[in-house]
Each structure stands twice: as structure tokens, then as C-alpha cells.
Amino acid sequence: QVQLVESGGGLVQAGGSLRLSCSTSGRIFSFNVMSWYRQAPGKERELVATDTFGGNINYVDSVKGRFTMSRDNAKNTMYLQMNSLKPEDTAVYYCRGVSALFEYWGQGTQVTVSS
């Protein structure tokens, strides 16, 4: 059973930075697509960034220029570097991996940005 585990969330002031990590129990290359999502209180889950492993990394407009998605294949870990954070970035952040047959979600990590 593949597991995804997020870490790195926390409380930060507006303008600050955080780096989220998503470590996988399997090989990261077992996924075709990996993504970061977030869900703010009272809102639907939103796609933040997607890596199609060979294609471009795509970002939602609201984070372009501030967030950077990357991965370390040797560590089977994906990252989301978040800079210039805003209060509206406050949410639970989830990573998602899609293989040929299944999709997997992490448990989420809370990011809170104070004004």
C-alpha cells in the first residue's frame, strides 16, 4: 500500500515562506502525475500545482510566481516551496499521486498565514 505523507506546514506571517514536503512510501516514478491541492475552511478543494513528469509544471494563477513545485527522485519526495505567503493561502495542503491504476492522497498539513 503506497502512502503519501505531507509535512512542513505551520503558522507564518504574511510575506513569509514555508516548504511543504510529500514523501512517498513507494518509488516516486510509480506515479504518472503528482499534484498539490489545498482546501480552505468552507471552500472546495483547489488544485494548486501539477507535475506530469515530463511535461510542464502547472500552477493555479493565484500562486504563480510565488510557489514552486519540485521533487527529489532519490528521496522519493515532492516539495512545494511557498514564498510571499498571503492570508488567503491559509488552508490544509494535500499531495496527490496518480499511478496507472490508482490515486493516492496524503493526510494533509495545515498552513496558516497571519496578517
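The values are calculated or read from the model by the stated rules, or taken from the named source; none is laboratory data. Note that this is a predicted model, so its numbers are computed, not measured. Accessible surface is based on the protein model in full, side chains and every heavy atom, while ligands, DNA and RNA are left aside. Shrake-Rupley method; radii C 1.70, N 1.55, O 1.52, S 1.80 Å.
Side notes on the structure shown:
- The chain - percent of accessible surface contributed by carbon and sulfur, probe 1.4 Å: 48
- Summary value for the chain: 38 percent relative contact order, contacts being C-alpha pairs under 8 angstrom separated by 6+ residues.
- Solvent-accessible surface of the chain, taken per residue with a 1.4 Å probe and all protein chains present: 53 Å².
- Between GLY10 and VAL111, THR112, the built amide H atoms are under 5 Å apart, and every one of these is 5 or more places off in sequence or on another chain.
- Using the Karplus relation 6.51 cos²θ - 1.76 cosθ + 1.60 with θ = phi - 60°, the per-residue 3J(HN,Hα) values for segment 18-29 come to 9, 10, 8, 10, 10, 9, 10, 7, x, 6, 5, 6 Hz, with x marking Gly and Pro.
- The H on the amide N of GLN3, modeled in the peptide plane, is under 5 Å from the matching H of SER25, GLY26, each at least 5 residues off or on a different chain.
- Comparing LYS43, LYS86, LYS75 in a Gaussian network model of the chain where C-alpha atoms under 10 Å apart are linked, the largest mean-square fluctuation is found at LYS43.
- Among ALA40, ALA91, ALA100, the largest mean-square fluctuation in a Gaussian network model of the chain (Cα springs under 10 Å) belongs to ALA100.
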